[in-house]
Amino acid sequence: MSLIKKVRYSTMEDTFVRIMDLKVRIRRQQRPGRPLLLLNGLGGCLEAWEPLTKQLIGRDIIAVDHPGTGLSSPPNHILSMPELAEFYTQVLDHVGVSEADVLGFSFGGTIAQQMAKDFPEYVNSLLLCATAPGAGGFPADPLTIITAANPLRYMIPLVREMAAPIIYRGRCGRHPRLFEDELAGWDAHRTTLLGVGAQIAAFSSWSSLAWLSTIDKPTLVLGGEEDPMAPVANSRLIAQIIKGAELHVLEQGGHLFLFDLPDQAAPLISDFLDRVNLPVSA
C-alpha cells in the first residue's frame, strides 16, 4: 500500500492510496472513540453518506469509494465477496485501525457480513442496513429488479429520478427531486459501468445463509418497511438468525432510509454504538 495524496474537505480528509493495486479514495473524520467504517451500496460514492454523517456528530468515521465507484479506480478483475472483505481489512490497516464498528448499507451490508465471517478480529460490531443474506433470502419483485438493472440510472440523474418510485420508494420514492438538494452527494461522482458491473457480479450468486448463524458480534439490523430492493423480510430473517441481533424497522423507510430519513436512522445507530462501546468496568 502506498500513499498517493491527501485532499482536505472541511473537517474530513480525503486520502488516495493504493490497495490491491487499485487507487482507492478514503475519507476520514477522525475523532476520539472506536472508528465506524461505512460500506456503501451499489454505485454510491462516499459523498452520499453526508446526510447521515452530519447526524453522527463527534464520531470517528471512515468512508470509502468501492473499487470502480466515485474516485476509486475500477478493478482489473471481478473481486469476489471474500476479496472485497479482505480489501476493507486492508483499508483499516492503512488508516491504522485494528478493529471497527462496521456499518453496511445494501451491497455494503453483504460485505459487512463477509467481513464478520472471514475477519472477525477487525469487527467490533455489525450494523446491517437495508440489506439481505443473498441467494435464499427474499428477492425484490421482477419490476424492481428490471428497473434496478438499467445501468443508465447510474449515469443519468433523470433516469434515476424516474426509477426512484419503483426501486427506492419511501420518502425518496415519493419525492425524487430530493436528489437535487438533500441527496446531491449521490451525483458528486459518476460510477463506472465496469465498477458497478463487477459489484453486481460479486454478489449475484453469493449467500450468507450457510454461515450467518456463526456470526458472534453485537448486531443492529435496520430495515425499511417500504423497501422494494431489499424487502424488510430479509432484515427480519437476518435478525432472527444472528444470535442477539437487534431489529428496528422504519415504518416509512424505503431503500434509502439512511439518507432520506437520517433523523430517524441516526439516533438508532448512535444508541447502539454507545452501548456496544461502553467502557468495561474494572
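Read-outs: derived from the displayed coordinates by stated rules, not from any lab. On a predicted model such as this, the values are computed, not experimentally measured, just so you know. Note: ideal-geometry Cβ built from the backbone for every residue, glycine included; neighbour counts use all protein chains shown.
Figures for the structure shown
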quantity: Structure-based [θ]222 nm, the chain - -39500 (n - 2.57) summed over DSSP H runs of at least 4, per residue, nearest 500; calculated: -9500 deg cm²/dmol
quantity: Fewest-first sequence of Trp211, Trp206 by Cβ atoms within 10 Å of each Cβ; calculated: Trp211, Trp206
quantity: Cα-based Rg / Dmax (Å) for the chain; calculated: 17.2, 57
quantity: Order of His66, His175 under a 10 Å beta carbon neighbour criterion, fewest first; calculated: His175, His66
quantity: Within-12-Å neighbourhood charge of Trp211 [Cβ basis; K, R +1; D, E -1]; calculated: -1
quantity: Reduced Cα scattering model of region 109-250, Debye log10 I(q)/I(0), q = 0.12 Å⁻¹; calculated: -0.54
quantity: Under the span-like rule (Cα at least 15 Å along the axis, Kyte-Doolittle mean at least -1.0), DSSP H helices of the chain; calculated: 81-94, 107-118, 193-203, 262-276
quantity: Charge context of Gly70, other residues only, Cβ under 14 angstrom, K/R +1, D/E -1; calculated: -1
quantity: Order of Arg27, Arg275 - criterion: other Cβ atoms within 10 Å of each residue's Cβ, fewest first; calculated: Arg275, Arg27
